[in-house]
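What follows is a single structure, written as structure tokens, with notes after it.
Quick note: the coordinates plus some simple rules give every number you see, no bench work behind them. It should be emphasised that the depicted structure is a prediction, and the values quoted were computed from it without experimental measurement. Methodologically, a virtual Cβ is constructed for each residue, glycine included, from the backbone with ideal geometry; neighbour enumeration extends over all protein chains shown.
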Amino acid sequence: MPKLEICLSPELIQLYELKGKNVVVVDILRATSCMVTAFAYGIKNIIPVAKVEECKVLQAQGMLAAAERDGAKVAGFDLDNSPYSYMHDFIKGSTIAVTTTNGTQAIVKSKQADQIIIGAFLNISTVAAHLLASKKDVIIVCAGWKGNFNLEDTLFAGALAYQLKSTFETTQDSTIMALAMYESNQSDLLAFVNQSQHVRRLANLDIHKDIAFCLQCDVYNSLPVFSLDRLVAGN
Ligand code: 3SL
């Protein structure tokens with residue numbers, strides 16, 4: 001039976017062997033939700049980078065660029081970190097360089113994996129179907145917040161483990177915890193996530209509609225995967 005493990009923060013990633021495994025990177029609020037949305041709207045590539053300076057270099061080369069720090073758009077960039085910013089025609093066929101506080105860092109730290117898959121509630125069943133077909137061990141890497149555990153990414157990890165638990169071994173403590181978290185809150189994900197630190201942080205930015213949007217399941221069937229230096233459509 002393949003194994004499913006949950007890494008609760010990128011700070012813990014060195015404790016996991018990524019080689020030979022599928023890694024699902026998740027940053028529900030809002031980086032991976034934006035990426036899944038962008039691919040649903042026909043984006044060609046997303047180049048995730050760790051630093052604002054790297055993103056600026058790619059923008060100077062003529063690429064569209066999105067940079068977020070502490071929830072807000074960094075001055076001088078083309079796009080912010082809202083899924084609604086990617087629901088436009090100009091996205092189709094484009095390549096966008098992206099850096100975010102936590103989500104793109106988690107992708108960059110997962111590069112040892114056999115395959116990196118971008119997960120969100122928005123594409124959860126598509127991700128689950130891909131992992132079931134692949135039959136490899138899986139590690140779900142939660143982006144968290146600046147190295148800390150967070151509720152929303154762990155809740156997603158529990159939801160994905162819930163879809164996979166009859167086929168994957170889910171006996172690691174963090175997986176048992178995430179499954180319990182999901183099972184007791186599945187009837188109202190929004191009410192649960194509304195208690196989170198990140199929602200309080202984002203409240204000042206007035207983006208309640210982003211939060212509700214990011215907690216919807218199976219809105220899209222896009223499957224962004226990492227290839228060489230960028231995300232591409234995996235289906
Ligand atoms: O940390 C991240 O990668 C962001 O998604 C955070 S925020 O939703 O823009 O605050």
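As a calculated quantity, the FRET efficiency between A212 and A180 at R0 = 30 Å, using C-beta atoms, amounts to about 0.80. Between T32, T154, T95, the Gaussian network model of the chain with springs among Cα atoms under 10 angstrom shows the greatest mean-square fluctuation at T95.
Taking the Cα atoms of the stretch 4-226, the ratio Rg/Rh between the radius of gyration and the Kirkwood radius comes to 0.94.
Of all aspartates and glutamates in the structure, those lying under 19 Å Cα to Cα from K109, and not within fewer than 8 positions of it along the same chain, are E5, E11, E17, D27, E53, E54, E68, D137, D153, D229. Counting only C-alpha contacts under 8 Å and six or more residues apart, can you give the relative contact order of the stretch 4-226 as a whole percent? In percent, rounded to a whole number, it is 34. For K92, the lysines whose Cα falls under 18 Å of its own Cα, not counting residues fewer than eight places away in the same chain, are K44.
Nearest 10 degrees is fine. How inclined is helix 124-134 to the longest principal axis of the chain, computing both from alpha carbons? It is inclined by approximately 60 degrees. When the chain is treated as a Gaussian network with alpha carbon springs shorter than 10 Å, the biggest mean-square fluctuation among L205, L190, L18 belongs to L205.
Helix 173-185 and the longest principal axis of the Cα set of the chain meet at an angle near 80°. Axis of helix 151-164 versus longest Cα principal axis of the chain: the two differ by about 50°, to the nearest ten degrees. Taking the stretch 97-131 and a reference point 7 angstrom along Cα→Cβ of N235, the backbone N atoms nearer than 19 Å belong to 115-131. Using a Gaussian network model of the chain whose springs link C-alpha atoms within less than 10 Å, name the residue from D70, D80, D206 with the highest mean-square fluctuation. Of D70, D80, D206, the most mobile in the Gaussian network model is D206. Taking other C-beta atoms within 10 angstrom as a stand-in for reagent exposure, D114, D153 fall in the order D114, D153, fewest first. Over every Cα atom in the stretch 2-62, the radius of gyration and the widest Cα-Cα span, Dmax, amount to 14.8, 44 Å.
Determine the shape class of the stretch 134-235: with a ≥ b ≥ c the square roots of the Cα gyration tensor eigenvalues, call it rounded for a/c under 1.5, and otherwise prolate if a/b is greater than b/c, oblate otherwise.
Values: a/c = 1.67, a/b = 1.20, b/c = 1.38.
Oblate is the answer for the stretch 134-235, as a/c is 1.5 or above yet b/c matches or exceeds a/b.
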